[in-house]
1. Work out the mean other chain Cβ neighbour count within 10 Å for the residues of A:103-113 and drop it here as an integer.
2. Assuming R0 = 45 Å, can you tell me the calculated FRET efficiency for the pair residue A:21 and residue A:190, based on Cβ-Cβ distance, to the nearest 0.05?
3. So what's the angle, to the nearest 10 degrees on a 0 to 90 scale, between helix C:119-141 and the longest Cα principal axis of chain C?
4. Order these peptides, C:164-172, A:54-62, A:156-164, by their mean beta-carbon neighbour count within 10 angstrom, highest first.
5. First check a/c for chain A, with a ≥ b ≥ c the square roots of the eigenvalues of its C-alpha gyration tensor; if it is under 1.5, answer rounded, and if not, answer prolate when a/b is larger than b/c or oblate otherwise.
6. Give the average, rounded to an integer, of partner chain Cβ atoms located within 10 angstrom of each Cβ in C:330-343.
7. If each DSSP helix of 4+ residues adds -39,500 (n - 2.57) and the sum is divided by the residues in the protein assembly as shown, what number results at 222 nm, nearest 500 deg cm²/dmol?
8. With label points built 7 Å along Cα→Cβ from the Cα atoms of residue A:124 and residue C:7, find their separation and express it in nm.
């Protein structure tokens, strides 16, 4: 589904991501973990086209996508959520998800201005599909509420519904459990598994170890922009190098 | 072009260049502490000129200028306190619109007080035909006043920001607001101070340039656009860059008279502005890495 | 729900049409038809303002140069229909234009032979030029944000103003006058021809042409913002990054909506110029652009009906000279006050308060 081939990213003289390669098989859930500043979000931005690679290749469904703009990547079937939720101010939950149907619908400026009958059908389809997604994520009752005024967990759900509305083949989730309590986190875990069962491959960045260990098929560990391990959850848990960086981080956190 | 004419243009260019640089530094001071581009910056220059011209009827020239600068500084502070201070993290769009509204309001008030006629201060030394001859070039002493006063202002400001405690606090405020607050710096007062400072230097520039360029109620807008061009050209927030860029634009404009009709002179700086914005928005003297960190 | 929106939209436009007709009848009954002149002009300015609303309020891109597009439309149409091409008669290009009927010949007041562009051809050329300039300008300019975008569009506006003021072709400080009327429909049988001109006898017709145009323009924009494109534009306003991530080609959409609003502005410029019989450099001034931004702001930014009401209302008062010599000061004050106290527009103050309180009670 997705393959990274020795991806490099430099900011000025700083190596943010260095020589990272891994692949995400279709129909799996893969997690990227690592301490703060390990380059996880940078990696996401590189995959989704928000940043340009310094060198390397990103191959999505057999096609090289490095250098494409984010909207082109999205049109190919890759959707993402953001670590700090980015919802559209002034739009209802339903409208927010309806925007997600953008790449799967066509009406342009002329069609929009004249509201031609052909667009009526499309509008209805957009609305119905978006409503279904809100139901899937259990937030249908908030359809007409302004998305940015919802509770935090519901905002995450809207963002996920918006991403799913693009009918992605691959879904990138940037810390989907950040700011959620353990019940909500468990709920998100079940949801991600359900998304995978719908046939959507998932790549996630996450801090919450319990969630990652529970649901991922494979885990990539990053530290200072380098890949230091890639394995199934059980082996990762026993990997001495991984334990070292995580304990190291814990120590630092304890000092702070 | 004869060498005499060449030098004549050069001096004219340097004169205007320093004025643009002062306007640009005015933009920079406020931008550094608030992240706001104050579209009413040019109006401070106009106010300085107008107020000093009025005061000159009752007090001698140096006093009139000093009072004009003081009054404009107070107006700057007043504007900040009334319109800016109490806004809670306003959006950029909102701030743009507010400062544009202020610039129009100040201009209209000026029109009602001083009318639409063109005014000017008298030459500080001699009159319009007094000249100093350097080689074959004849230059009005006022040109040296402009260059001298603006040069002293630039130096004074850089010393102020480097040496005095208040200047340092203002710099701290611009590099990291939250950290400055944590260190006990009253950032709100710093913002007021930055408005006063940029109003003051604008007004002083407005006084010294008035005998050469004249003052009219609406002379602020084109100064603001040129000052902004210079600020961008020199890299937003970079005062030395502003001086270099100001001189560059001033000289370029002066020589363009030979090629382009006078009426299009304004268009030159704007064309430069547009080109710079498209090609190097962080300015020719600014670094791209620093520009990327700033949010617009 | 969708149907409800559609119905309420048509209902509102229907009410507007009735209001327009009633206003005209009222002026007839009360013998105050002189109001129609300013109402006609207000409608054209409002056409520009609702176009700008979509760019500023919905897509979130500020433009301080829209008077420039208005002036491009007005000036070009005026220049093409007044500048005599008789000296260039033999030029193949002029011949070609003549052969496709884009030129008309006649005689001026002194009996001189006159060869100028037909108003309809001039109108189309002017609007297309404005669209083309908006496209070329928009590609680099719309990459900018915030202050940079504001200054760049302001700079564009000043350049257009300077060109109008400095070129002989556009009449320098005097502008262009004696612009002929724009014939929309030729004379058909008993009905006279319909044309946009300042002719005293055509005042009522022109009032309906202006308001008809405004209603159609309004309807198209209301449709647009309620469509896939409208949602994409609002998404761009909310977060460009997130809009890109779900596949919105933000650069293209911003450019398209910028061009669309420039077309609205140019059409307004063309029609108003033919109605007034001339155009002067003040139409391109920075103050005009700022005024349009003020009208969008006071109408509530993302609120086409709000800007329509405010655009027509305030422009009408301004044209009637209600604000006297404080005209610009009034618009400056409006800008500041609205942005300080009601950034969502003054019309939204009460409505929104009601709306929010209702919603919270629903929640409990």
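1. 6
2. My answer for the efficiency is 0.90.
3. 50 degrees
4. Answer by packing, highest mean first, reads A:156-164, C:164-172, A:54-62.
5. Cα axes put chain A in the prolate bin.
6. For peptide C:330-343, the averaged partner shielding equals 6.
7. Calculated mean residue ellipticity at 222 nm is -20500 deg cm²/dmol.
8. 1.6 nm
Computed from the coordinates by the stated procedures, all read-outs in this text should not be read as laboratory data. Treat the numbers as computed from the prediction; the structure is a model and nothing was measured. Ideal geometry is used to build each Cβ from the backbone, glycine not excepted, and the neighbour counts take in all protein chains shown.
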